[in-house]
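K.L.:
Below you'll find the structure I mean.
The values are calculated or read from the model by the stated rules, or taken from the named source; none is laboratory data. Just so we're clear, the structure is a prediction, and the values are computed from it rather than from any experiment. In this analysis, Cβ positions are derived from the backbone assuming ideal geometry, glycine residues included, and neighbour counts consider all displayed protein chains. To get the accessible areas, we keep the full protein, side chains included, count just its heavy atoms, and leave off ligands, DNA and RNA. Shrake-Rupley method; radii C 1.70, N 1.55, O 1.52, S 1.80 Å.
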Amino acid sequence: MEESLREYARLLVQIGLNIQRGQRLVISAPVECAAFARLCARESYDAGCREVVMNWHDDALTRMKYLQADEAVFDEVPLWRRHFFNDHALEGAAYLAISATDPENLKGVDPQRLVRSQQASGKALRDFDRLQMCGGFPWCIASIPIPSWARTVFPDLPEAEAMEKLWNAIFQSVRITGDGRAVERWQEHLATLHRRLERLNALRFQSLHYTNSLGTDLTIELPEGHIWQAGDDVTLSGQSYIANIPTEEIFTAPLKTGVNGVVYSALPLVNDGTIIDKFHFVVKDGRIVEAHAEKGEEALRAAISVDEGASYFGEVALVPYDSPISNQRILFYNTLFDENAACHIAFGEAYPCLEGGQRMTKEELKARGLNDSITHVDFMVGTPDLSIVGTTHDGREIPVFVNGNFAEEI
């Protein structure tokens, strides 16, 4: 276990962040993950990192705050917090987020408190958010188990067994097998993703049509000059990094006003400490005009009302149903893993998936048809029978997904 943890930390630092000598690193982590955060810090210093700066948080204190803090708190962002995130981003510091939380930590919290807090942060941390989306600094999100999360994933097991089983599932998802070859396996995986995205980029689809037995019947237009991207990216300064570990997706941005139809969720969504399940959207000219859920509907409606752009889509991602995460048949209740078990779509901010998009301003991206928002929430739509048909600009219809997986042509 100790050697696997070191290998995991090394993977995040060397491949996820590609830490450069003299570069600063910010680590955001729950207090329960302190031991692993220290391993990541040690690997970073060994790689020549200038300084590791910690940003700790705690589920229990977060819940207390949203239930009991003064109302005014949710409309404020302290000056020190603005400087902490914005200044490090402007400097080009690397950012590692260890994502581990109780999926229902904020169950019962007034959704409007969450919306107001997100709106305040969106305004105050504008530089951080902008640079994160356009490759201004290397960043990586990863995860390790904590007891409350493990109990949700494996409710019938004693805590110790649930933790062990979740550790094993995470190691399998991130391609760690104990032989020390995780970095090599990731390089091979990225090469496979790139072969597929090159094919998609060559096809230059005008639109994608999604259908499945849940009732999804959705047409997504793609903007002129769009490009597909895979799990790895390059900063404006030329530093390669992987934003999510694990990642199985190939993604692009939809045309903001070009989405029409109905789309059903394939898996539950954990958002702002609430589980939202069995939901669907009705979409017209890009805008979500109806949102329904059997569980968590109030939270879902709050999530798409954070700002004007929250009710439009910003990402379309292709993930085969036959993948290392999906094949485990585990519902992780963590978007980092669940989004890489199925095709997904995000409402909110669009990644600059256009030729030359990284260097475009917000106004230029919006003029090209991309969505702008302070939020970005992925939800899963992939099923074993998902069909996606792409239409080219000359009217050809080409299968992209057949029965939940990439078509042979792709």
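K.L.:
What number of residues within region 93-115 are basic (Lys, Arg) and surrounded by fewer than 18 Cβ atoms within 10 Å (Cβ to Cβ)?
P.N.:
Result for region 93-115: 1.
K.L.:
Within region 200-227, take every residue that is farther than 28 Å from His280 by Cβ and part of a helix (DSSP H, G or I) and give me the one that is most open to solvent (accessible area, probe 1.4 Å).
P.N.:
If we take residues in region 200-227 being farther than 28 Å from His280 by Cβ and part of a helix (DSSP H, G or I), then Ala202 is most open to solvent (accessible area, probe 1.4 Å).
K.L.:
Check Asn327 against each of (1) open to solvent by 10 Å² or more (accessible area, probe 1.4 Å); (2) in a strand (DSSP E or B) and name the one condition it does not meet.
P.N.:
Every listed condition holds for Asn327 apart from (2).
K.L.:
Can you find a residue in region 369-383 that is in a loop (DSSP other than H, G, I, E, B), aliphatic (A, V, I, L, M) and open to solvent by less than 30 Å² (accessible area, probe 1.4 Å)?
P.N.:
Yes: one or more hits.
K.L.:
Follow-up. If I ask for residues that are open to solvent by 10 Å² or more (accessible area, probe 1.4 Å), of a type outside the set (Phe, Trp, Tyr) and either closer than 21 Å to Glu221 by Cβ or in a strand (DSSP E or B) (or both), which ones from region 392-406 would you list?
P.N.:
His393, Asp394, Gly395, Arg396, Glu397, Ile398, Pro399, Val402, Asn405
K.L.:
Only one of Thr177, Thr211 is farther than 20 Å from Ala97 by Cβ, of a type in the set (Val, Ile, Thr) and modelled with pLDDT under 95. Can you tell me which?
P.N.:
Thr177 is the lone residue from the list that is farther than 20 Å from Ala97 by Cβ, of a type in the set (Val, Ile, Thr) and modelled with pLDDT under 95.
K.L.:
Residues in region 375-398: is at least one more than 21 Å from the chain's Cα centre (by Cα), modelled with pLDDT under 95 and acidic (Asp, Glu)?
P.N.:
Scanning region 375-398, I find at least one residue that is more than 21 Å from the chain's Cα centre (by Cα), modelled with pLDDT under 95 and acidic (Asp, Glu), so the answer is yes.
K.L.:
Going by the conditions given, is Leu197 within 22 Å of the chain's Cα centre (by Cα), surrounded by fewer than 23 Cβ atoms within 10 Å (Cβ to Cβ) and assigned to a loop (DSSP other than H, G, I, E, B)?
P.N.:
No; evaluated as a whole, the condition is false for this residue.
K.L.:
Among the residues of region 146-175, which ones are open to solvent by less than 10 Å² (accessible area, probe 1.4 Å) and either part of a loop (DSSP other than H, G, I, E, B) or on the phi > 0 side of the Ramachandran plot (or both)?
P.N.:
The answer is Ile146, Val174.
K.L.:
Inside region 55-127, counting only helices (runs of 4 or more DSSP H) that do not spill past its ends, which hold 2 or more residues that are among the basic types (Lys, Arg) and over 27 Å from Pro147 (Cα atoms)?
P.N.:
79-91, 111-124
K.L.:
Same structure, new question: Checking the condition within 23 Å of Gln119 (Cα to Cα), in contact with a Pro (Cβ under 9 Å, 6 or more places away or on another chain), in a strand (DSSP E or B) and in contact (Cβ under 8 Å) with a residue 60 or more places away in the chain, which residue from Ile388, Ile345 passes?
P.N.:
That would be Ile345, the only listed residue that is within 23 Å of Gln119 (Cα to Cα), in contact with a Pro (Cβ under 9 Å, 6 or more places away or on another chain), in a strand (DSSP E or B) and in contact (Cβ under 8 Å) with a residue 60 or more places away in the chain.
K.L.:
For region 249-287, enumerate the residues that are open to solvent by 20 Å² or more (accessible area, probe 1.4 Å), under 16 Å from His209 (Cα atoms) and not acidic (Asp, Glu).
P.N.:
Selection gives Phe251, Leu255, Lys256, Thr257, Asn260, Gly261, Val262, Tyr264, Val282, Lys284.
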